[in-house]
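Take this structure first; my questions come after.
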Amino acid sequence: MKSDLPAELLQAYLETDYFVSDDPPLMLRIGEENDDAKILLASFGVTTSALITAWNPGSEVLSEDENDSRQAALLGEIESKRLNYLVGYGERQDWLEYSYLVLGITRDEANELAEQFGQNAYVWIDQEGVPELITLA
């Protein structure tokens, strides 16, 4: 993975636990095959997904109100594309950001959506079930 992100920030993204609010919740780790992710995609009849947030663009911490407003705008974009989604979040030590697992999105659409909301990266999952960190910086 080539990235111009600072090594410490990239490492933080790689060490984050990503969750999808399914029943039971699904935990994803970058680079670790996940059979439940494969099953989840198949159950929705899709082969691709992206876990994207609008929180803290460029890893600049914003207020909860600002982040909530940005997340609502992201949801509006997802719904305007008529894509299915599940609520998710990324968590590491004392840090948490909410996100959406957007189902059936293409890689180009995911790149555009993440860039639109100022994100450095997002998590890509395809039918192989191995979460991949896609960096945009």
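Which number in (1) of a type in the set (A, V, I, L, M); (2) surrounded by 12 or more Cβ atoms within 10 Å (Cβ to Cβ); (3) part of a helix (DSSP H, G or I) marks the one condition that A72 misses?
Single failed check for A72: (2).
Within region 1-13, can you find the residues that are more than 12 Å from the chain's Cα centre (by Cα), surrounded by 12 or more Cβ atoms within 10 Å (Cβ to Cβ) and assigned to a helix (DSSP H, G or I)?
L9, L10, A12 - these are the residues of region 1-13 that are more than 12 Å from the chain's Cα centre (by Cα), surrounded by 12 or more Cβ atoms within 10 Å (Cβ to Cβ) and assigned to a helix (DSSP H, G or I).
Condition test on K2, is it modelled with pLDDT under 90 and out of contact with any Pro (no Cβ under 9 Å at 6 or more places or on another chain)?
Here the answer is yes, as K2 does meet what is asked.
On to the next question. Kindly check whether there is at least one residue in region 56-72 that is in contact with a Leu (Cβ under 6 Å, 6 or more places away or on another chain) and not polar (S, T, N, Q).
no
Could you tell me whether region 113-122 includes any residue that is part of a strand (DSSP E or B) and touching a helix residue (DSSP H, G or I) at 6+ places or on another chain (Cβ under 8 Å)?
Yes: region 113-122 contains one or more residues that are part of a strand (DSSP E or B) and touching a helix residue (DSSP H, G or I) at 6+ places or on another chain (Cβ under 8 Å).
Can you find, within region 22-68, the residue that is nearest to E128 (Cα to Cα) among those that are exposed (fewer than 14 other Cβ atoms within 10 Å of the Cβ) and among the polar types (S, T, N, Q)?
Going through the qualifying residues, I end up with S43.
Quick check: is even one residue across region 83-91 charged (D, E, K, R), more than 13 Å from Y122 (Cβ to Cβ) and surrounded by 17 or more Cβ atoms within 10 Å (Cβ to Cβ)?
no
Separate question: Of everything in region 94-110 that's under 12 Å from the mean Cα position of the chain (by Cα) and in a strand (DSSP E or B), which residue is surrounded by the fewest Cβ atoms within 10 Å (Cβ to Cβ)?
That would be Y98.
Right, here's the next one. Can you report the number of residues in region 57-93 which are closer than 19 Å to A12 by Cβ and touching a strand residue (DSSP E or B) at 6+ places or on another chain (Cβ under 6 Å)?
Going through region 57-93 one residue at a time, the tally reaches 4.
Moving to a separate point now. Evaluate region 75-98: report whether one residue or more is touching a helix residue (DSSP H, G or I) at 6+ places or on another chain (Cβ under 6 Å), among the β-branched types (V, I, T) and within 18 Å of T16 (Cβ to Cβ).
Within region 75-98 (the criterion being touching a helix residue (DSSP H, G or I) at 6+ places or on another chain (Cβ under 6 Å), among the β-branched types (V, I, T) and within 18 Å of T16 (Cβ to Cβ)), the answer is no, since none of the residues qualifies.
The values are calculated or read from the model by the stated rules, or taken from the named source; none is laboratory data. Note that this is a predicted model, so its numbers are computed, not measured. So basically every Cβ, Gly included, is an ideal-geometry build from the backbone, and we count neighbours across all protein chains shown.
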